[in-house]
1. Quick check on this structure: which one of 45, 89, 25 is free of Cβ contacts under 8 Å to residues at least 40 places away in the same chain and touching a helix residue (DSSP H, G or I) at 6+ places or on another chain (Cβ under 7 Å)?
2. Could you list, in sequence order, the residues of segment 326-383 that are under 47 Å from the mean Cα position of the chain (by Cα) and of a type in the set (Lys, Arg)?
3. What are the pairs, 6+ residues apart or on separate chains, where a residue within segment 194-217 that is farther than 14 Å from residue 231 by Cα and at pLDDT below 85 has its Cβ under 9 Å from a residue that is polar (S, T, N, Q) and not in a helix (DSSP H, G or I)?
4. Here is a list of conditions, (1) under 24 Å from the mean Cα position of the chain (by Cα); (2) at pLDDT 90 or above; (3) over 22 Å from residue 259 (Cβ atoms), and residue 405 meets all of them except one; can you say which number that is?
5. Taking the conditions exactly as written (of a type in the set (Gly, Ala, Ser), surrounded by 19 or more Cβ atoms within 10 Å (Cβ to Cβ) and free of Cβ contacts under 8 Å to residues at least 60 places away in the same chain), does residue 230 satisfy them or not?
6. Looking only at residues in segment 419-432 that are of a type in the set (A, V, I, L, M) and in contact (Cβ under 8 Å) with a residue 24 or more places away in the chain, which one is surrounded by the most Cβ atoms within 10 Å (Cβ to Cβ)?
7. For segment 324-345, name all the residues that are over 16 Å from residue 297 (Cβ atoms) and either in contact with a Cys (Cβ under 6 Å, 6 or more places away or on another chain) or not assigned by TED's automatic domain parsing to the domain that holds residue 367 (or both).
8. Does segment 433-446 contain at least one residue that is charged (D, E, K, R), touching a residue at least 12 places away in the same chain (Cβ under 8 Å) and surrounded by fewer than 16 Cβ atoms within 10 Å (Cβ to Cβ)?
Amino acid sequence: MTALMPALAFVDLETTGASATKDRITEIGIVLVDEQGVREWSQLIYPQTRIPGFIEQLTGISNDMVADAPRFEAVAQQVETLLQGRLFIAHNARFDYSFLKNEFKRVGMIFRPSVLCTVKLSRTLFPQHAHHNLDSLIERHELQVESRHRALTDARLIYQFWNKLPDYFSQALINTTVQQLVNRSSLPSHIDPLLIYDLPESPGVYLFYGVNELPLYIGKSVNIKQRVLSHFSADHRHNKEMSLSQQLRRIEWVETAGELGALLMEAKLIKQLLPIYNQRLRRKNELCAWQLQQSDQLRPVLSWANDLNSGTQDNLYGLYHSQRDAQAAMRGIANEYQLCSGVLGLEKVAKGKPCFAYQLKKCKGACVGIEKPLDHAARLLIAMHKLKLASWPYSGAVGIREGNALHVIDHWCYLGTAENKTEAYDLLGAGRPEFGRDTYILLVKTLKKSQVIMLNSV
């Protein structure tokens with residue numbers, strides 16, 4: 001035992017499933033190592049829920065075996081005493097640490113050990129190997145197996161692996177590597193470094209908070225942990241990331257069924273909460289679109305969000321955040337297709353007088369009667385075609401399947417995500433939210449390749 005690591009705890013858990021917030025511990029196994037030697041502790045735990053059949057088959061721990069076992073709260077103080085002041089070592093440590101942290105949290109106790117993951121340790125010391133799960137380590141290092149998927153026997157295997165390391169490396173290198181892995185955290189100083197073990201490696205949305213209850217930034221990713229850490233891996237090179245890092249006090253996240261769910265939820269939360277660092281998506285919903293109206297000439301008329309029934313109208317073109325954006329786009333179309341800016345309403349022109357573009361030979365003369373109104377209208381329709389908004393192609397609301405989740409959509413508006421029939425209809429009953437440009441663009445692409453279900457058949 002070295003001065004750098006005076007006390008160690010090799011830990012393994014058996015659980016009812018993989019979710020640290022929903023599933024519960026069924027067994028704890030600990031191998032304690034310090035200057036006094038090696039000793040072991042293990043305990044079956046009553047999980048307060050049924051153990052699934054496949055978990056029973058995997059671990060051999062049945063519901064009958066844990067029926068008379070203590071609840072975690074009855075052994076929490078003992079476990080805390082055993083682990084206190086020790087380096088917490090586990091294989092895939094995020095799993096074991098997260099389960100224990102949540103169990104302690106349920107009984108009002110804080111659990112913040114120093115954590116070492118032996119998967120990461122193996123990857124760092126043996127980069128030439130592709131696999132680092134416990135079965136691979138057993139085969140590679142000829143570990144002695146009593147049984148598998150019981151807490152204490154797996155904790156013993158982790159300890160065996162630890163004892164094999166001096167066969168390959170100097171103690172100084174082992175100590176240095178362990179210290180680097182234990183201390184490694186890309187999170188800002190105000191954030192608990194052990195949060196790195198809580199962040200899920202799954203799709204979802206994450207929210208950065210400062211000192212108040214309004215988020216600074218909302219993002220999405222197919223791998224929440226990887227994306228969150230990427231914000232701070234180079235924060236000294238980007239002013240935005242540096243400022244975010246300095247203000248950050250809390251990180252929350254919501255896991256989703258997949259990438260689509262993350263994209264939809266990100267857009268919804270940004271519109272609701274208006275985080276200051278989401279400058280593009282947080283813009284208020286002052287959307288406008290062009291409508292083509294017939295008078296003496298076919299003309300584009302700007303209509304605003306309050307007057308639009310997006311998804312049902314078949315005569316909307318483009319979506320813009322301001323009148324300036326809309327007019328700039330229309331000027332670009334006029335220039336590209338040599339349309340008359342007077343007829344388009346972009347320039348005030350007296351009847352029978354040429355528009356400015358005509359004088360530059362960039363208008364075909366609709367303003368002075370050289371081009372017939374019908375011909376100009378035909379060219380305008382062609383020019384506007386690529387901007388035409390899609391009408392909602394269904395008779396009512398639909399659901400888009402993603403894994404076990406059902407994203408509820410109505411007239412290009414995202415109502416929320418349901419896990420069952422009751423939740424889906426609850427979302428429908430809550431009403432339709434405001435139409436959003438980003439959600440519309442996403443859904444137009446998504447509907448073409450998604451499994452869509454009419455909600456009256458959910």
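The values are calculated or read from the model by the stated rules, or taken from the named source; none is laboratory data. What you are looking at is a predicted structure, and each value in this text was computed from that prediction instead of being measured. Every residue, glycine among them, receives a Cβ derived from its backbone with ideal geometry; neighbour counts consider all protein chains shown.
1. 45
2. Result: 331, 379.
3. If the second residue must be polar (S, T, N, Q) and not in a helix (DSSP H, G or I), the pairs left are 194/114; 194/185; 195/185.
4. Checking residue 405 against (1) under 24 Å from the mean Cα position of the chain (by Cα); (2) at pLDDT 90 or above; (3) over 22 Å from residue 259 (Cβ atoms), the one that fails is (3).
5. The answer is no for residue 230.
6. 424
7. 326
8. Yes: one or more hits.
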